[in-house]
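Structure first, commentary second.
The values are calculated or read from the model by the stated rules, or taken from the named source; none is laboratory data. Just so you know, these numbers come straight off a predicted model, no measurement behind them. With ideal geometry, Cβ positions are generated from the backbone for all residues, glycine too; neighbour counts draw on all protein chains shown. Please note that ligands, DNA and RNA were not included when accessible areas were found on the heavy atoms of the full protein model with its side chains. Shrake-Rupley method; radii C 1.70, N 1.55, O 1.52, S 1.80 Å.
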Amino acid sequence: MKNSRLKNLVLRGNIHFLFIAMLLLVPIYASAQQDRALSPKNISGNVVFAEEEEPVEYATIQLLKASDSTVVTSSATEKSGKFRLPSVKPNNYILKTSYISFETQYHNIDSAHFKEREIVVPTVALVENSILLSEAVIVGQMPQMVVKEDTIEYNPAAFNLHENSLVEDLLKRLPGVEVDLEGKITIAGKSVGRVTVDGENFFGRDPKMTTQNLEIGIIDKLQVIEKKSDLEEITGIDDGNRETIINITIKEDKKRGWINNIQAGLG
């Protein structure tokens, strides 16, 4: 009888202990879930042309804060049409997708979306801008960029920077371009290995020598080029190897003497 009572007491004690342990674990689990929900998340998606459903390369992706429309981060789509914005902090946002000659698309992302492991935006289908000239008021505006096959050409004059600003200042304004504290350049997640001037490696293979010394006042165009490998250029067979480079073209009236100015500056 004593053994039976002892067993009952032990059993009750174990149940009591488990009940208390569960009560203690519930808030810990809830807190962990909340922390996970509030942690930064990746935002990814895909952009296609509405009619052909073909992927759109180099579409501009901008994440705007819903409260004041300030740009939080930006990127550009890859050849596959995909994009990814890493480690975005929870908040209410507007995802803006734009491409030259196509209507700009917007997608709302609120804080509730950050409960997911990764925020995947529904496929963005771009529709060609079909506004009739008779219905439009044409305002003279300098285009910021032009896409030519494997090259994106930017017009520095369209970004309203002082002519004494450096190439690095311009790069920081371009969509999809990131420049870190050490001057390393990435475009749509791809590292830029070199910056040429009029197609020549005037400053070797260190991009910073150009971007941190050349002023935009003498620049005509800034080109982002997906260069084919030497083997592909010879054989014509796509081997999948690409090098992202930046080429800067100098204004015709500035070509004389710009090297002397740079050498004097470096000296």
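Could you tell me which numbered condition LEU222 fails, if it satisfies all but one of (1) at pLDDT 75 or above; (2) more than 31 Å from the chain's Cα centre (by Cα)?
(2)
Would the stretch 186-206 turn up any residue that is open to solvent by less than 20 Å² (accessible area, probe 1.4 Å), out of contact with any Ser or Thr (no Cβ under 7 Å at 6 or more places or on another chain) and either among the hydrophobic types (A, V, I, L, M, F, W, C) or modelled with pLDDT of 80 or more (or both)?
Within the stretch 186-206, one or more residues are open to solvent by less than 20 Å² (accessible area, probe 1.4 Å), out of contact with any Ser or Thr (no Cβ under 7 Å at 6 or more places or on another chain) and either among the hydrophobic types (A, V, I, L, M, F, W, C) or modelled with pLDDT of 80 or more (or both).
Evaluate the following for THR60: is it more than 10 Å from the chain's Cα centre (by Cα) and either among the polar types (S, T, N, Q) or more than 23 Å from ALA112 (Cα to Cα) (or both)?
On the way: more than 10 Å from the chain's Cα centre (by Cα): no; either among the polar types (S, T, N, Q) or more than 23 Å from ALA112 (Cα to Cα) (or both): yes.
Here the answer is no, as THR60 does not meet what is asked.
Of everything in the stretch 93-109, what is of a type outside the set (Val, Ile, Thr) and outside any strand (DSSP E or B)? Give them in sequence order.
Of the stretch 93-109, the ones of a type outside the set (Val, Ile, Thr) are 93, 95-96, 98-99, 101-103, 105-108.
Selection gives SER101 alone.
Taking the stretch 40-85 as the search range and keeping residues that are of a type in the set (Lys, Arg) and more than 19 Å from ARG242 (Cα to Cα), which one is surrounded by the fewest Cβ atoms within 10 Å (Cβ to Cβ)? Please lay out each step first, then the result.
Taking the stretch 40-85 as the starting set, the residues that turn out to be of a type in the set (Lys, Arg) are 41, 65, 79, 82, 84.
From what is left, the residues that are more than 19 Å from ARG242 (Cα to Cα) are 41, 65, 84.
Values: LYS41: 22, LYS65: 13, ARG84: 15.
Ranking the qualifying residues of the stretch 40-85, first place goes to LYS65.
If I ask for residues that are under 12 Å from the mean Cα position of the chain (by Cα) and either part of a loop (DSSP other than H, G, I, E, B) or more than 17 Å from GLU52 (Cα to Cα) (or both), which ones from the stretch 66-86 would you list?
First pass over the stretch 66-86, keeping only residues under 12 Å from the mean Cα position of the chain (by Cα): 71-78, 82-86.
Answer for the stretch 66-86, where residues must be under 12 Å from the mean Cα position of the chain (by Cα) and either part of a loop (DSSP other than H, G, I, E, B) or more than 17 Å from GLU52 (Cα to Cα) (or both): VAL71, VAL72, THR73, SER74, SER75, ALA76, THR77, GLU78, PHE83, ARG84, LEU85, PRO86.
For PRO90, work out the one condition from (1) touching a Leu at 6+ places or on another chain (Cβ under 9 Å); (2) assigned to a strand (DSSP E or B); (3) modelled with pLDDT of 90 or more it doesn't fulfil.
Only one criterion is unmet by PRO90, namely (2).
Among the residues of the stretch 90-111, write down those that are among the aliphatic types (A, V, I, L, M) and open to solvent by less than 60 Å² (accessible area, probe 1.4 Å).
Those that are among the aliphatic types (A, V, I, L, M) and open to solvent by less than 60 Å² (accessible area, probe 1.4 Å): ILE94, LEU95, ILE109.
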